[in-house]
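Contents: one structure, followed by commentary.
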Amino acid sequence: MDGDTLFTIGDLARRTGLTVKTIRFYSDTGIVPPTDRSPAGYRLYDIGALTRLDLVRTLRDLGLDLAVIRQVLDREVSVPEVAAAHADALEVQIRTLRLRRAVLRAVAKRGSSPEEMDLMHKLAKLSDDERRRLITDFIDDTFGGLDANADFVDMMRSAMPELPDDPEPEQVDAWVELAELTQDPDFRAAVRRMAEYQAAERARGDRTGLHHDLTETVRDSVGRALDAGIGAASAEAAPIIDALTARYAQTFSRADDANLRQWLLTRLEIAGDPRAERYWHLLAVINGWPVPPSLAPVFTWFAQALRARTGQQSRVE
């Protein structure tokens, strides 16, 4: 094609598929200025203007606004720079749309009220930092100012909710429930009591930290008793409890006596709030971790068996 060829707006419209009105707008705003004018005063455009117009159309199709397009055409920013910035922006939009989709599916599953749907939408829109801040504020409020079990507090601070970019409705549902749980004054008070108990134990010299092995021992021993149908108050439960209290006595360097059993009962009651276990269950769902089986039946049986044994010993004494 001859580089000296000039085109009218109608020619550009036929070549680009854009309307005459759109091309005239781009021309009036200086994005694709005319190259020349005909003797009758009509705007004329050269091959460079046609190329520029093709680029404008492509950039508009990609969602760029006219201000950014003008910067590209005027060489103020490069196409790769603009592409990278808009790819990042689109990523945020895609993530937002995925969250909205998950919220709507969760609402449909729960049969939520308009008020609950509004809450779910607001909570789901929180950024990763905002979600962490909500949980961090909960931990600061319940454990702040206390010398509680440092290993336990570190474990809580390291376990933050991390919604994936494309969450399942169950994950959104779990996040909403977790957020509501951490704002529940009664649950906060229960966790604060647990923190105060831990601090009191540390003040008495307990520096044993977490006790995963001890928990596994209780789960295995009591789990077998439950599978065998052994009642917590039965005679068959006595050797199981004796073995467990001996293990606790060894772990905490205490005498295996009635005081230990009473201490252990208090410990189980304070730590046995089912909402505490629910907290960790919800975190596992949100983060896509394996959800461990509930230990509530195990520790309920353990506490009942301890009470039965403590009562028997008291009557004997």
Hey, if we sort 212, 121 by accessible area with the 1.4 Å probe, largest down, what's the order? 212, 121
Solvent-accessible surface (1.4 angstrom probe) belonging to residue 295, in square angstrom, nearest 10: 40 Å²
Per the 1.4 Å probe, what fraction of the accessible area of the stretch 153-248, in percent, lies on carbon and sulfur atoms? 50 percent
Could you give me the ³J(HN,Hα) list for the stretch 133-149, computed from phi with Karplus coefficients 6.51, -1.76, 1.60 and θ = phi - 60°, whole Hz, x at Gly and Pro? 5, 4, 6, 4, 4, 4, 5, 4, 5, 8, 10, x, x, 10, 8, 7, 4
In square nanometres, what is one fourth of the surface area of the convex hull spanned by the alpha carbons of the stretch 173-317? 10.0 nm²
For the stretch 27-111 the mean separation of alpha carbon contacts under 8 Å (6+ apart) over residue count, i.e. relative contact order in percent, is 15 percent
Dipole size in debye (nearest 20) for the stretch 218-284 around its Cα centre, Lys and Arg Cβ +1, Asp and Glu Cβ -1? 200 debye
How far is the Cα center of the stretch 10-39 from the Cα center of the stretch 138-178, in Å? 58 Å
Charges on Cβ only, +1 for Lys and Arg, -1 for Asp and Glu, centred on the Cα centroid of the stretch 1-134; of 90, 22, 41, which one is farthest towards the dipole's positive end? 90
List the relative contact order of the stretch 45-157 as a percent without decimals, with contacts defined as Cα pairs under 8 Å and 6+ residues apart. 14 percent
Would you tell me the accessible area of residue 291, worked out with a 1.4 angstrom probe on the heavy atoms of the protein chains, in Å² to the nearest 10? 70 Å²
Counting other Cβ atoms within 10 Å, which trypsin sites (Lys or Arg not before Pro) in the stretch 193-249 have at most 12 and lie in a DSSP loop? 204, 207
What ranking of 230, 139, 47 comes out by heavy-atom accessible area, probe 1.4 Å, highest first? 47, 230, 139
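Please report, in debye to the nearest 20, how large the charge dipole of the chain is about its Cα centre when each Lys and Arg carries +1 at its beta carbon and each Asp and Glu carries -1 there. If you can, show how the numbers build up before the last one.
Details: 41 positive and 51 negative charges, 111 e Å.
It works out to roughly 540 debye.
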To the nearest 10 Å², what's residue 38's accessible area with a 1.4 Å probe? 30 Å²
Dipole size in debye (nearest 20) for the stretch 248-317 around its Cα centre, Lys and Arg Cβ +1, Asp and Glu Cβ -1? 80 debye
Cα gyration tensor shape for the chain, rounded if a/c is under 1.5, else prolate or oblate: prolate
Using only Cα atoms and rounding to the nearest 10 degrees, what angle (0 to 90) does helix 212-227 make with the longest principal axis of the chain? 70 degrees
Mind pulling the angle between the C-alpha long axis of helix 47-61 and the longest principal axis of the chain? Nearest 10 degrees, somewhere in 0 to 90. 20 degrees
Just to confirm, what accessible area per residue do you get for the stretch 1-138 at 1.4 Å probe, in whole Å²? 62 Å²
How much of the calculated P(r) for the stretch 48-114 lies past 16 Å, in percent of all Cα pairs? 59 percent
Remind me, relative contact order of the chain in percent, using alpha carbon pairs under 8 angstrom and six or more residues apart? 15 percent
Under a plain spin-label model, where a point goes 7 Å from the Cα along Cα-to-Cβ, how far apart in nm are residue 11 and residue 133? 5.8 nm
Rounded to the nearest 10 degrees, what's the angle between the helix 274-287 long axis and the longest principal axis of the chain, both from Cα atoms, 0 to 90? 30 degrees
For the chain, the charge dipole (Cβ of Lys, Arg +1; Cβ of Asp, Glu -1; about the Cα centre) points to a positive end, and the Cα of 292, 111, 171 closest to that extreme belongs to 111
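The values are calculated or read from the model by the stated rules, or taken from the named source; none is laboratory data. If you're wondering where the values come from, they're calculated on a predicted model, not measured in any experiment. Every residue, glycine among them, receives a Cβ derived from its backbone with ideal geometry; neighbour counts consider all protein chains shown. Protein only, heavy atoms only, side chains kept; ligands, DNA and RNA dropped before computing areas. Shrake-Rupley method; radii C 1.70, N 1.55, O 1.52, S 1.80 Å.
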